[in-house]
There are 6 protein chains.
Amino acid sequence: MTVRLTRRYYFAASHRLHSPALTDAENRETFGKCNNPYGHGHDYEVELTVRGEVDAITGRMVDVPTLDRLTEDQILTPFRWRNLNEEVEVFRTEVPTTENLAREVDRRLRVVWRTAFPQDEPRLEKVRIRETDRNICEVTGCP
Amino acid sequence: MTVRLTRRYYFAASHRLHSPALTDAENRETFGKCNNPYGHGHDYEVELTVRGEVDAITGRMVDVPTLDRLTEDQILTPFRWRNLNEEVEVFRTEVPTTENLAREVDRRLRVVWRTAFPQDEPRLEKVRIRETDRNICEVTGCP
Amino acid sequence: MTVRLTRRYYFAASHRLHSPALTDAENRETFGKCNNPYGHGHDYEVELTVRGEVDAITGRMVDVPTLDRLTEDQILTPFRWRNLNEEVEVFRTEVPTTENLAREVDRRLRVVWRTAFPQDEPRLEKVRIRETDRNICEVTGCP
Amino acid sequence: MTVRLTRRYYFAASHRLHSPALTDAENRETFGKCNNPYGHGHDYEVELTVRGEVDAITGRMVDVPTLDRLTEDQILTPFRWRNLNEEVEVFRTEVPTTENLAREVDRRLRVVWRTAFPQDEPRLEKVRIRETDRNICEVTGCP
Amino acid sequence: MTVRLTRRYYFAASHRLHSPALTDAENRETFGKCNNPYGHGHDYEVELTVRGEVDAITGRMVDVPTLDRLTEDQILTPFRWRNLNEEVEVFRTEVPTTENLAREVDRRLRVVWRTAFPQDEPRLEKVRIRETDRNICEVTGCP
Amino acid sequence: MTVRLTRRYYFAASHRLHSPALTDAENRETFGKCNNPYGHGHDYEVELTVRGEVDAITGRMVDVPTLDRLTEDQILTPFRWRNLNEEVEVFRTEVPTTENLAREVDRRLRVVWRTAFPQDEPRLEKVRIRETDRNICEVTGCP
């Protein structure tokens, strides 16, 4: 039997879809209105799914305050009310699409995961970003 | 018997809470993190409520395509994927809070309302803006 | 202090926007794709708002099982999984728009209201029909 | 033009519908399964609607941190994760129905309102409690 | 690392659960009220999940306008405001249950997928249909 | 092609996070405010996902009334409006966390599954419990 726990978090941020590797004309053609130089924003929803053993005594699979604090420090504080392109280092070069945002959340959590959860227990299994009701990206399966 | 019809619309935009009438320090104290110079964004939901007579033959109170086109032209096209402070004239001087955004939507619709609905029938009764699930503003009751 | 209680109910039904008082061409022009002869359907949400005194002993303003049964008998059973145009008498002549549907729900409840609530206490104050997230109609204020 | 701002808050609590003024048999008949002696619980949603003037400089009608702190202190901290019947004084005698809960939230906020908002500006206009999606109560209109 | 993107679409339609391979009595017994000859309707939600590589320059895994147009042409235009039994060929013989509807959406998209996405990149991984909040079907895993 | 059907159910209940295997001090430290002796409650959402063959004639994968009745008898009736710690046997010793609640729902359904679905067709694939919007647990994969 496999048990997974999902926690959901929220932050508002702005972004602009624009690649420094493309010309202005290519950017406009690729990203359309989302290439507007002033940017626009979203209320992002982040879901983290962890998988592991349920402790026989506490009935819990993950220490929720530890997971919440990790997410607050690594994701919510650096991203909330920010312009992702200007204020988050990786998005100076990568385009802050939902895909890249999900990958960055995944990377940031994995860097510190074993500090917070030394046995890699529970494991971080999935990162899911809902940009809008119609646009959702998830990342799974690091080795 | 009073009948009201509500239509719901959506747009994403970014804004920064900052008043040109305040010093930088006052702005930071008043608006906190929302004063971040790069701005942040939201997925705004706009609800328009109209009140009027139901047509005996069509069973309708408002010509929905007319209302949708009016909203598209006056609100959604000028606001969608925009930086409200930089790209919407009124917010160069007014702070784009939910309150001021609701008032601006209300003003923009009233300016053209009688062109679209010559008898002021139906009447525009309420404009409601949901910035986030926790922050909602509505404007009612022009004379 | 005024206290209002709102109960929410659901039913699925199909309808066709078509007026027997209009020609086929007028119907197509007025209702567009919603005039499709085969009809289409929705999952309707019905909200009833009642207003009244809170009983000092039970802490309740309305006997909820009575309200639920009334709504089941008058609205949900006759409308659920029905073709409104063909199987609900009034919609043989009236067009089953959200406006007319809200008015019919209001009428049906008022006819029997005083049988269920003899003192007209609580009063039925508002009927609200959500056809889709974008199209909502409410009826208030019978004398 | 009237402007209203609504803020939404959440807390989980348990309650039992049981009146000390009724016999056990009457309680069972009146409240049915909700009279279960062990109680049951809900995730309550509280919406506060305030009405007032929008400040010409800040574009705001209410100091949101003040409202949030007031609600935290008067409502969320005393109610969250509590058994309402046992741990909230008024519900030792009043039945913690949605109606009485909304009235108690209204009363608690009004007692301290003018301390937080000395000019009674903005005014607290409405308290709305969503117990479940199907059961919602609102209180308005103190003099 | 596996990346998936999900897009969500909506259409309203009506259907009747009725199999030409069963007698009228068997149909009534099998499908109950859903066998009502006039049909009933729903607001269907369609989620498409695609899996693939994120482009290093654009940060995108799928050309969203291409996916949206494919879905509009193959699914939304033929199904929206339709009576599925009468106006969608396959449902003249198959019963338009949520299961069969999900399979038909899957089939229709796969027929044209490689025209729109010549390298089968990204791959269509999952089709999910939400008929109501309580009834959801998903289809995965074509070879 | 794999087809899955998901049904969603609801019940309200109360619980207290407290382990008889821990001291009072350890319980308080482990569970914080959720260890409050009076308990608190939630509106739980249960999603059951089954996987199987779609019947060629009926277009259905599962007899929905059978699944609904099974869930009503095994889960909803014993849990609804209950204090889980006091009134559900297993939670006298196990802590009623979302993890343990999902496992208990899974166990209860499997015990009777083959009585209701003799060929183990469809299979019960996943049990998902949403305690709040932010806390969700799922159990999959019995042999």
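Of all residues in the stretch E:94-106, those satisfying the criterion of being β-branched (Val, Ile, Thr) and under 9 Å from the mean Cα position of the chain (by Cα) are E:98, E:105. Based on what the data block shows, is residue E:2 open to solvent by less than 20 Å² (accessible area, probe 1.4 Å) and within 26 Å of residue A:105 (Cβ to Cβ)? Answer is no for this residue.
Restricting attention to the stretch A:41-55, the residues that are out of contact with any Pro (no Cβ under 7 Å at 6 or more places or on another chain) and either away from chain B (no Cβ under 14 Å) or open to solvent by 20 Å² or more (accessible area, probe 1.4 Å) (or both) add up to 8.
Screening residue E:136 with (1) closer than 17 Å to residue F:49 by Cβ; (2) out of contact with any helix residue (DSSP H, G or I) (no Cβ under 8 Å at 6 or more places or on another chain) gives one miss only, at (2).
If you check residue E:37 against the conditions, is it over 26 Å from residue F:49 (Cα atoms) and under 13 Å from the mean Cα position of the chain (by Cα)?
Details: over 26 Å from residue F:49 (Cα atoms): yes; under 13 Å from the mean Cα position of the chain (by Cα): no.
No: the conditions fail for residue E:37.
Condition check: modelled with pLDDT of 95 or more, under 19 Å from residue C:4 (Cα atoms) and not in a helix (DSSP H, G or I). Does residue C:121 satisfy that? In short, no.
The set of residues from the stretch B:63-76 being at the interface with another protein chain (Cβ under 10 Å from one of its Cβ atoms) and either in a helix (DSSP H, G or I) or modelled with pLDDT of 95 or more (or both) comprises B:64, B:65, B:68. Filtering the stretch B:56-80 to residues that are over 29 Å from residue A:44 (Cβ atoms), among the basic types (Lys, Arg) and surrounded by 15 or more Cβ atoms within 10 Å (Cβ to Cβ) leaves only B:60.
Residue count for the stretch F:41-55, restricted to those that are part of a strand (DSSP E or B) and either more than 18 Å from the chain's Cα centre (by Cα) or aromatic (Phe, Trp, Tyr) (or both): 2.
Scan the stretch F:107-126 for residues that are at the interface with chain A (Cβ under 10 Å from one of its Cβ atoms) and either within 9 Å of the chain's Cα centre (by Cα) or open to solvent by less than 40 Å² (accessible area, probe 1.4 Å) (or both) and the total you get is 1. Looking only at residues in the stretch E:81-106 that are away from chain C (no Cβ under 14 Å), part of a helix (DSSP H, G or I) and in contact (Cβ under 8 Å) with a residue 12 or more places away in the chain, the one that is surrounded by the fewest Cβ atoms within 10 Å (Cβ to Cβ) is E:90. Residues that are in contact with a Ser or Thr (Cβ under 9 Å, 6 or more places away or on another chain) and without any contact (Cβ under 8 Å) to a residue 12 or more places away in the chain do occur in the stretch A:11-25.
Among the residues of the stretch C:6-40, those identified as of a type in the set (Ser, Thr, Tyr) and either buried (at least 19 other Cβ atoms within 10 Å of the Cβ) or outside any loop (DSSP other than H, G, I, E, B) (or both) are C:6, C:9, C:10, C:14, C:19, C:30. Restricting attention to the stretch C:1-40, the residues that are within 22 Å of residue B:56 (Cα to Cα), out of contact with any helix residue (DSSP H, G or I) (no Cβ under 7 Å at 6 or more places or on another chain) and away from chain E (no Cβ under 14 Å) add up to 8.
Against the list (1) without any contact (Cβ under 8 Å) to a residue 40 or more places away in the chain; (2) over 27 Å from residue E:47 (Cβ atoms), the condition residue A:112 fails is (1).
The values are calculated or read from the model by the stated rules, or taken from the named source; none is laboratory data. The structure displayed is predicted, hence computed values, not measured ones. Cβ sites come from the backbone with ideal geometry, for glycine too, and all protein chains shown count toward neighbours. These accessible areas exclude ligands, DNA and RNA; they are computed on the full protein's heavy atoms, side chains included. Shrake-Rupley method; radii C 1.70, N 1.55, O 1.52, S 1.80 Å.
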